[in-house]
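Right, one structure below, let's go through it.
The values are calculated or read from the model by the stated rules, or taken from the named source; none is laboratory data. This is a predicted model, so every value here is computed, not measured. Here Cβ is always computed from backbone atoms with ideal geometry, including for glycine, and neighbour counts include all displayed protein chains. Calculation scope for accessible area: heavy atoms of the full protein, side chains included, ligands and nucleic acids excluded. Shrake-Rupley method; radii C 1.70, N 1.55, O 1.52, S 1.80 Å.
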Amino acid sequence: MQLVDETTAFVRSEEPRMTEIVVNFGPLSGREATLAEVDRLARRLLEVAGQVRVHAVRTHDMGPESESIVHQVVVEADGSDAETLRLVCEAWAVECADERSVVPLPS
């Protein structure tokens, strides 16, 4: 039996003054985060952090035989525990996906 890690938010870096969290939003929801959702996350993070910066990122990776688009949200926050920040991001992403997800078209 192979276990699949369903974690959506990861701590990318943790320093005394700044923690960076990456949320793999696309695989969970099948879409980009909306501006309203990003704003909601930032406001929620302010409840546990001194200051936050939230980036919605779309990355295109292309090669001769492959192509992918990745939808992520990157959070930079200070003044809080990294695991607390990660859990807030994880809960937010699941909530967004539950509210609205895009199902891929059949091939």
message: Could you check the range 43-59 and list, in sequence order, the residues that are open to solvent by 40 Å² or more (accessible area, probe 1.4 Å) and either part of a loop (DSSP other than H, G, I, E, B) or in contact (Cβ under 8 Å) with a residue 60 or more places away in the chain (or both)?
response: L46, E47, V48, G50
- line: Flagged in the range 13-42 as assigned to a strand (DSSP E or B), surrounded by 14 or more Cβ atoms within 10 Å (Cβ to Cβ) and at pLDDT below 90, in numbering order, are E14
Residues (touching a helix residue (DSSP H, G or I) at 6+ places or on another chain (Cβ under 6 Å) and either among the polar types (S, T, N, Q) or modelled with pLDDT under 80 (or both)) located in the range 1-12: T8
Condition met for D78 (of a type in the set (D, E), surrounded by fewer than 16 Cβ atoms within 10 Å (Cβ to Cβ) and without any contact (Cβ under 8 Å) to a residue 24 or more places away in the chain): no
